[in-house]
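Derivation of every value follows stated rules applied to the coordinates shown; laboratory data play no part. Only a predicted model underlies this, so the values are computations on that prediction, with no experimental measurement involved. Virtual Cβ from ideal backbone geometry, glycine too; neighbours counted across all protein chains shown.
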Amino acid sequence: MPLRFLICSIMLASAPVVLAQSIGSTEGPTITIGARVDARPFIWRDKDTGGYLGFLWDICTDAVTRAGYKFEAKKVNADARKKFLETGDGAFDLLCDPTTITLSRMKEFIALDAEPSLRFSPIVFVANGSYVKTTHPARSAMGFGQFGGKIANCADAIAAEEKLLKPKNDEKQSFFKSVSSKIPIQMFPDKPLPAPEKKYEIWGFVEGSTSEAAVRRGVKNSTADLKICPKPLKTHAEAAKDFCAGRIALYYGDVEIVRAAIEDVAAVSGVECKADFKPTAQGSYEPYAFVVSSRNFRRLPDEFDHALYGMFSDGTVDRLFVGHFSEKTKSQFLNTLFRINRLPAGTPRLQP
């Protein structure tokens, strides 16, 4: 094959991917998709290309295109996401995000106004919500300490951790080297100290996530000996960086996202981030669904749902899952969900 024809063939083969990232369907109105940038492996933004990637992103955009819409993507941060879920206000029509569907959120959607504009799509994934903790030997330095002196409350404790463990600007340096070099000598005395009257432990989570509820329960269950200090963070990138730097003792979130975020931090720092994933075996049930608004396009929720079910029925979602993960990682619960969503085609009603 001549070189020019080979180049043209490659360009044509890759063209649909480029179009899918930018405009979606070639016909129909354009909707705005609110897209997360830090929820790998479900959806994230590639730093080099600026394009969005991930299992949920592929499902999201394919369903939008099948429903007959073009689309443009808009970055959504924690504040914008929270506002959209609570009020329906926002500059997007579809939230492409691993959002946990709950009865309380559904009730809030109903209560928004006389004609609710937000609706959950069918459940598309079942995740596991839990936490990880450090396995680093200097356990007492990892988001953990005792009250006394200038540390009188949780705000003081969090501020102290920030000041003590703030890493240098060079992201390649070792977080743990920074930790060990800045911890006062008296924290590791030759002789054991008397048992402190009150200790604190800092638990981190991403704002607006369902993990916040688990952390708040921990705060409520603080004991006379140990007070739990919640630390909300804007992104998983921030949460993972704080965890690996030792600013938080426990990092709460959906397990796959937490794992990916920690791997990203370790890749940047060049140092293994020591995390214990054993607690994740007893996590919470987190069913993911998309959130669709009918405010600008009245028929969008129904058309999106129809396209989504079609993707389950023709095996597209299964193929995307294997491409992003592997068949071996599909749990029994997820396999059951995919089968339930595989609706029969049915028989079209005859027109008179």
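Mind checking the alpha-carbon convex hull of the range 245-352 and giving the volume per residue in Å³?
Per residue, the Cα convex hull of the range 245-352 comes to 181 Å³.
Once you've got the Cα coordinates, tell me which of LYS74/LYS227; LYS107/LYS278; LYS83/LYS198; LYS83/LYS278; LYS82/LYS163 are over 32 Å apart.
LYS74/LYS227; LYS107/LYS278; LYS83/LYS198; LYS83/LYS278
Give the long-range amide H neighbours of GLN146: residues separated by 5 or more places, or on another chain, with amide H under 5 Å away, using H modelled in the peptide plane at 1.01 Å from N.
Here the answer is TYR200, since their amide H atoms fall under 5 Å of that of GLN146.
How far apart, in nm, are the 7 Å Cα→Cβ label points at GLU263 and ALA159?
3.9
Full-extension gain between TYR285 and ASN77, please, as 0.36 nm times their residue separation minus the C-alpha to C-alpha distance.
72.5 nm
Could you rank the peptides 56-68, 282-294, 263-275 by their average count of other C-beta atoms within 10 Å per residue, with the highest value first?
56-68, 282-294, 263-275
Tell me which trypsin sites (Lys or Arg not before Pro) from the range 312-352 have a DSSP coil assignment and no more than 14 other beta carbons within 10 Å of their own.
ARG349
Among PHE290, CYS273, CYS229, whose Cα projects farthest towards the positive end of the dipole of the range 223-293, with charges put on the beta-carbon of Lys, Arg (+1) and Asp, Glu (-1)?
CYS229
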